[in-house]
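To start, the structure under review is shown below, and the notes come after it.
No lab work stands behind these numbers, since they all come straight from the coordinates. In this text, all values refer to a predicted model and were calculated from it rather than measured experimentally. Cβ: placed from backbone, ideal geometry, glycine included. Neighbour counts: every protein chain shown.
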Ligand SMILES: Cc1cc2nc3c(=O)[nH]c(=O)nc-3n(C[C@H](O)[C@H](O)[C@H](O)COP(=O)(O)O)c2cc1C
């Protein structure tokens, strides 16, 4: 079993990375292989809206998103971690979420993968990015695990916050335990990326 943590912070050793490492440590204690991917220093361009990827599983943009696609597809569980930037997720996070639209074909999708979320804010704005990650999971037919939402500001200060560190560790362990249960979406209720409310035709 593989659990992938993705840090959307430009800080290589910031609070998001510390919490993700802690979550992955929890997953490891439950027997998973783990990997941390950080967008820091990576070349990941925004979606150009060409739609060529849709239903094919491949995006034509050749950049550091390509290895991340492979890591996501290989993982059984994914933990998304972002700091709050101006009441939202970081720009880097949104770019990756948009590019994930390419993962929309059998064998190249995130269907039934378990997802967890870590959000860190200095003082305000935790809910909106959390909500956006969970909607992404709904769209991707992932199975949502817990949210770890933390207030911390200075680089790495979250290390001193025992509750937050324990919550992150528990998240990693919980994800492994959910993966073990092998829940799957029922086949009889197909859902496309657009099949909500007023988009339903
Ligand atoms: C450009 C920028 C915008 C930010 N906007 C917010 C914000 O809207 N609300 C907030 O509480 N903290 C905000 N912060 C603070 C970060 O969320 C906080 O420092 C967080 O711990 C950074 O996580 P990291 O160490 O993983 O990078 C902002 C920081 C930066 C650099």
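Can you give me the relative contact order of the chain as a percent, contacts being Cα pairs under 8 Å and 6 or more apart?
Values: 398 pairs, mean separation 54.2, N = 201.
With pairs under 8 Å counted, the relative contact order is 27 percent.
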* Asked: Hey, what angle do you get for helix 65-74 against the long axis of the chain, alpha-carbon based, 0 to 90 degrees rounded to 10?
  -> 90
* Asked: By DSSP, what percent of the beta bridges with both residues in the range 41-173 are antiparallel, rounded to the nearest 5?
  -> 20
* To do: Find how much the distance from residue 127 to residue 50 grows on full extension, using 0.36 nm per residue of separation minus their present alpha carbon separation; answer in nm with one decimal.
  => 24.7 nm
* Take each of the peptides 66-74, 142-150, average the number of other beta-carbon atoms within 10 Å over its residues, and list them starting from the highest. => 142-150, 66-74
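Between residue 154 and residue 64, what is 0.36 nm times their sequence separation minus the Cα-Cα distance? Round to one decimal in nm. Let's see the in-between values first.
Working: separation 90, 0.36 × 90 = 32.40 nm, distance 2.80 nm.
Computed gain between residue 154 and residue 64 is 29.6 nm.
Mean residue ellipticity at 222 nm from the helices of the chain, using -39,500 (n - 2.57) per DSSP H segment of n ≥ 4 over the full residue count, to the nearest 500 deg cm²/dmol? Show your work: numbers first, answer last.
On the way: 5 runs with 68 residues, N = 201.
Roughly -11000 deg cm²/dmol at 222 nm, from the helical runs in the chain.
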* Principal-axis tilt of helix 127-140 within the chain, Cα atoms, nearest 10 degrees -> 40
* Return one number: the angle in degrees, 0 to 90 and rounded to the nearest 10, between the long axis of the Cα atoms of helix 162-181 and the longest principal axis of the Cα atoms of the chain. => 30
* To do: Take the Cα pairs of the range 43-201, get the Kirkwood Rh, then feed it into Stokes-Einstein at 20 °C and 1.002 mPa s and tell me D in µm²/s.
  => 127
* **Sorted peptide list for 175-187, 104-116, criterion being average Cβ within 10 angstrom, highest first** => 104-116, 175-187
